[in-house]
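Chemist: Here it is: the structure, laid out below.
Computed from the coordinates by the stated procedures, all read-outs in this text should not be read as laboratory data. Note that the coordinates shown come from a computational prediction; the quantities given were computed from them, not determined experimentally. All Cβ positions, even for glycine, are placed from backbone atoms using ideal geometry, and neighbour counts span all protein chains on display.
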Amino acid sequence: METIDFHTHLLNPNVEFSRLYDKVAISFFAKKLGVDKKEILDRKYEAFVEAYINNIQTSKYVKKSVILPVDAKIDKNGKELSRDKTVCSSNEDVFKEYEKYPNEVIPFFSINPNREDALDLIDEYVQKGFKGAKFLQNYWDIDINEDRYIPYFEKIKSYDLPIIIHTGSEHAVESNSLYEKIEVANSAIEVGCKVVLAHFGVNSIMEKRPKKLLNNFSFKTSKFGEDYFKTIEYLQNHENVYADLSAMIINIRAKVIEDLAKNQSQIHDKLLFGTDFPVPFSILFSHHSLGLKKRRELEKIENPLDRNVEFFNQYFDENSCIYTNWQKLIKDIS
């Protein structure tokens, strides 16, 4: 079985790993992500890219990976406000790696629609071979359902490109939770874009009231929160809507996977395998239904992409369409 990883990221080439989140991730997860801790601290971005590509080249299952850049925050007058020094790689960064590693990389672009030349930039990157778009509106702090963004989505549709829109709670970068709900994708869906709801819209804390916090650890589907069921509803009711499974092994998100695999087969043709690399994950400590023996067995798999695939294989059949649905969205990939 071969597949592509539908959701991965580069780091910002100027990354310094100065945030607490970065330091913790490197200390505990560098080796598990196929990265040498000393190398990445010494050589940073270059060491990361080498490890990233090596993971693809040595994977049993993943033959290519979609790389998603993250554009800067832009105000409504087109002025750049800020760019996260860890997360925000540029379209040019992605294109550079695509030129070097065309057999491993599938480039997507990220263009904040507040840029004055946003529509022209879409034309430019499509001509360069980019295969889709990525929205991180929760980081950009904008309501993409405003009518002013409709021409942007119409342009995406005109090229028949998939657009990955972040849904669910965010931990790796500053985020406005108002723009993490499934409804953020409504305008793009109504225009007719092929929309991918990233991370299946699952929130890590689905109930913020203290008395409801224990729902986050329940395997009862009635406790999964409205966003889980709303995503299922969107997939069923909209022909042009898909969802990726990236970052689903992280902490308490993983609890929904068994229900998704066993009881929601009607939407399997809308699901896309993805990892969210280099976001760290632990099969051993995540909140899912696998026993300790199987957790330890999977945790020993050296390649992080294969470890991710093997985890999903415990719930979905190895020949499940979640590994081939990408073919409905990305064209001209050998």
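Chemist: Along the positive direction of the dipole of the chain (beta-carbon charges: Lys, Arg +1; Asp, Glu -1; about the Cα centre), which of Asn215, Val196, Val62 reaches farthest?
Modeler: Asn215
Chemist: Based on the alpha-carbon gyration tensor of segment 1-157 and its eigenvalue square roots a ≥ b ≥ c, which shape applies: rounded if a/c is under 1.5, prolate if not and a/b is larger than b/c, or oblate?
Modeler: Oblate.
Chemist: Between Ile333 and Glu190, how high is the FRET efficiency from 1/(1 + (r/R0)^6) when r is the Cβ-Cβ distance and R₀ = 22 Å? Nearest 0.05.
Modeler: 0.20
Chemist: Past 18 Å, Cα to Cα, is the threshold; run Lys23/Lys85; Lys63/Lys331; Lys131/Lys157; Lys134/Lys157; Lys134/Lys255; Lys76/Lys128 against it and keep the listed order.
Modeler: Lys134/Lys255; Lys76/Lys128
Chemist: I've got another one for you. Counting other Cβ atoms within 10 Å, keep those with at most 12, restrict to DSSP loop, and tell me which GluC sites (Glu not before Pro) in segment 227-334 are left.
Modeler: Those satisfying the criteria are Glu239, Glu302, Glu318.
Chemist: Using each residue's phi in segment 7-16, evaluate 6.51 cos²θ - 1.76 cosθ + 1.60 at θ = phi - 60° and report the 3J(HN,Hα) Karplus result to the nearest Hz, with x for Gly and Pro.
Modeler: With the stated coefficients, segment 7-16 comes to 8, 9, 9, 8, 9, 5, x, 9, 4, 10 Hz.
Chemist: Hey, another quick one. For the pair Glu146 and Phe229, how long in nm is the line joining their label points, each one 7 Å along Cα→Cβ?
Modeler: 3.3
Chemist: Of the beta bridges DSSP finds with both residues in the chain, what % are antiparallel, to the nearest 5?
Modeler: 10
Chemist: I would also like to ask the following. Which of the pairs Lys44/Lys270; Lys60/Lys194; Lys79/Lys194; Lys181/Lys220; Lys181/Lys270 have their Cα atoms more than 27 Å apart in this structure?
Modeler: Result: Lys44/Lys270; Lys60/Lys194; Lys79/Lys194 exceed 27 Å.
Chemist: Can you classify segment 200-334 as rounded, prolate or oblate using the Cα gyration tensor, where a ≥ b ≥ c are the square roots of its eigenvalues, rounded means a/c under 1.5, and otherwise it's prolate if a/b beats b/c and oblate if not?
Modeler: Cα axes put segment 200-334 in the oblate bin.
Chemist: Continuing with the same structure: Quick one: what are the phi-derived ³J(HN,Hα) couplings along segment 40-46, Karplus 6.51/-1.76/1.60 with θ = phi - 60°, whole Hz, x for glycine and proline?
Modeler: Taking θ as phi minus 60°, the curve returns 6, 6, 7, 10, 6, 4, 4 Hz for segment 40-46.
Chemist: Using the Cα atoms of segment 73-153 to build a convex hull, what is its mean projected area in square nanometres?
Modeler: 5.6
Chemist: Continuing with the same structure: Could you give the length gained on full extension between Asp317 and Arg43, defined as 0.36 nm per residue of separation minus the Cα-Cα distance, in nm?
Modeler: Additional length available on full extension: 94.7 nm.
Chemist: What list do you get for Ser158, Ser90 if you sort them by fewest beta carbons within 10 Å?
Modeler: Ascending number of Cβ neighbours within 10 Å: Ser158, Ser90.
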